[in-house]
């Protein structure tokens with residue numbers, strides 16, 4: 001029996017990635033990391049800033065996302081996100097830019113707790129990449 | 001009758017106009033392909049987003065406490081209309097069609113003694129509406145500087161709408177844009193985005209029992225603002241494809257008309273040239289005869 005399922009990542013501009021043969025996908029869900037295997041029950045969840053790992057038989061790919069929503073149904077995993085980068089495409093400069101941007105954002109006043117938490121999370125993830 | 005010289009000038013000026021319209025048609029055709037591709041690429045996102053929201057809202061248990069973006073404020077006193085047009089002209093009836101549709105709606109609202117607020121996106125819309133509805137326009141936006149339609153711009157519009165909604169500045173929000181059907185047909189659309197009106201009937205949704213993490217309400221309240229931006233983004237993409245399509249067919253017509261005009265003018269030019277020659281000949285002959 002095959003253990004593979006379909007994963008699709010779309011951002012508003014285009015379909016970012018579509019793979020038919022994912023074995024496991026690890027996503028940074030809002031309440032903690034979550035691994036999704038074949039025949040997972042239907043789920044809808046949120047993503048926080050973090051790394052999406054797509055495991056396939058032959059390789060493994062990492063993507064950095066800032067937000068998103070995921071839906072899993074009938075062995076179809078769809079991830080909608082507005083900001084996504086392939087980790088291997090990110091170089092030091094880019095990461096540093098992202099960090100300084102987020103740090104600027106965190107300096108802003110009248111931030112509510114949730115957005116502050118999200119920004120902190122973002123910085124943390126980016127620093128581990130660096 | 002116009003002199004030969006005048007006709008000659010006229011012909012050359014029509015010819016150069018024809019050159020311009022022809023070039024514009026080519027450019028529009030090239031841009032149209034790109035815009036159409038973009039619109040098609042953007043479709044999965046908004047469709048999936050819509051699906052998820054439909055699923056969510058059908059499974060929400062407590063409709064009373066549903067987020068305001070979904071069920072509305074319970075009133076319909078103040079309407080906010082987002083009118084999306086292009087920044088450039090020479091695209092046939094593209095802008096006028098949207099404006100016509102919007103004006104009809106505005107009239108209806110004003111007749112019912114409700115308050116009307118307008119946001120214009122794109123400078124052509126503002127130009128056409130400012131005479132009649134100057135006091136109703138609360139914001140005007142234009143993304144002239146961005147080369148491509150991008151989500152960032154759409155998000156700006158979305159944020160603005162949501163911010164106004166949270167300040168209780170309006171009850172119902174409607175967007176106006178052109179939907180791209182094909183190169184010659186663009187359909188002006190009117191779509192209500194707040195409160196969300198689902199076009200699918202309830203019983204068409206499959207009853208899928210999802211697991212939610214965190215719970216439905218929280219997801220929904222996070223997702224709905226995103227959906228606003230997504231819908232606006234979709235409208236912008238459709239609009240840009242429509243604009244290019246409309247411009248292409250308008251310029252095609254213009255080129256053809258210019259060609260017809262050149263033909264007609266050339267005939268007239270030749271006739272009057274002939275007439276002048278004949279007249280001169282008659283003059284010479286009758287002059288010779290009288291000797």
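Taken together, the values in this text are just the output of simple stated rules run on the coordinates, not laboratory data. Because the structure is a prediction, the values reported are computed rather than measured. Ideal geometry is used to build each Cβ from the backbone, glycine not excepted, and the neighbour counts take in all protein chains shown.
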Checklist entry - Label points 7 Å out from Cα along the Cβ direction at residue A:60 and residue A:96: separation in nm? => result 2.9
Item to check | Residue order, fewest to most beta carbons within 10 Å, for B:261, B:159 | outcome: B:159, B:261
Checklist entry - Which part of region B:149-172 falls in the paramagnetic zone of residue A:115, meaning amide N under 17 Å from the point 7 Å along Cα-to-beta-carbon? => result B:152-168
Item to check | Cα→Cβ-extended label distance, 7 Å offset, between residue B:3 and residue B:110, nm | outcome: 5.1
Checklist entry - Can you give the mean number of other chain Cβ atoms that lie within 10 Å of the Cβ atoms in peptide A:12-20? => result 5
Item to check | Evaluated over region B:26-250, the Cα radius of gyration and Dmax, each in Å | outcome: 17.9, 55
Checklist outcome for this item: Honestly region B:1-153 on the Cα gyration tensor test (a ≥ b ≥ c root eigenvalues; a/c under 1.5 rounded, otherwise a/b vs b/c for prolate or oblate) is just oblate
Checklist outcome for this item: Between residue B:23 and residue A:21, the FRET efficiency computed from the C-beta separation at R0 = 56 Å comes out, to the nearest 0.05, as 0.70
Checklist outcome for this item: Ordered by fewest other Cβ atoms within 10 Å, a rough proxy for footprinting exposure, A:117, A:55 read A:117, A:55
Item to check | Prolate/oblate/rounded call for region B:50-123, Cα gyration tensor, a/c under 1.5 rounded | outcome: oblate
Next on the checklist: Taking just the alpha carbons, could you work out the radius of gyration and Dmax for chain A, both in angstroms?
Outcome noted: 15.3, 54
Checklist entry - What percent do you get for the relative contact order of chain B when only Cα pairs under 8 Å and 6+ apart count? => result 32
Next on the checklist: Nearest 10 degrees is fine. How inclined is helix B:216-289 to the longest principal axis of chain B, computing both from alpha carbons?
Outcome noted: 10
Item to check | Pair residue A:106, residue A:33: separation of 7 Å Cα→Cβ label points (nm) | outcome: 2.0
Checklist entry - For the protein assembly as shown, what value does the Rg/Rh ratio take when both radii are computed over Cα atoms and Rh is the Kirkwood radius, given to two decimals? => result 1.16
Item to check | Degrees separating the helix B:151-166 axis from the principal Cα axis of chain B, which is the longest one | outcome: 50
Item to check | Helical mean residue ellipticity (222 nm; -39500 (n - 2.57) per DSSP H run of 4+; nearest 500) of chain A | outcome: -8500 deg cm²/dmol
Item to check | Segment residue B:16-residue B:182, extension gain: residue separation times 0.36 nm, minus the distance between their alpha carbons | outcome: 56.8 nm
Next on the checklist: Suppose R0 equals 25 Å. What FRET efficiency, 1/(1 + (r/R0)^6) with r the Cβ-Cβ distance, do residue B:256 and residue B:127 give to the nearest 0.05?
Outcome noted: 0.35
Checklist entry - What list do you get for B:83, B:138 if you sort them by fewest beta carbons within 10 Å? => result B:138, B:83
Next on the checklist: Given the -39500 (n - 2.57) contribution per DSSP H run of 4+ residues, what per-residue ellipticity at 222 nm results for chain B, rounded to the nearest 500 deg cm²/dmol?
Outcome noted: -22000 deg cm²/dmol
Checklist entry - In the protein assembly as shown, what percentage of the DSSP-assigned beta bridges are antiparallel, given to the nearest 5? => result 65
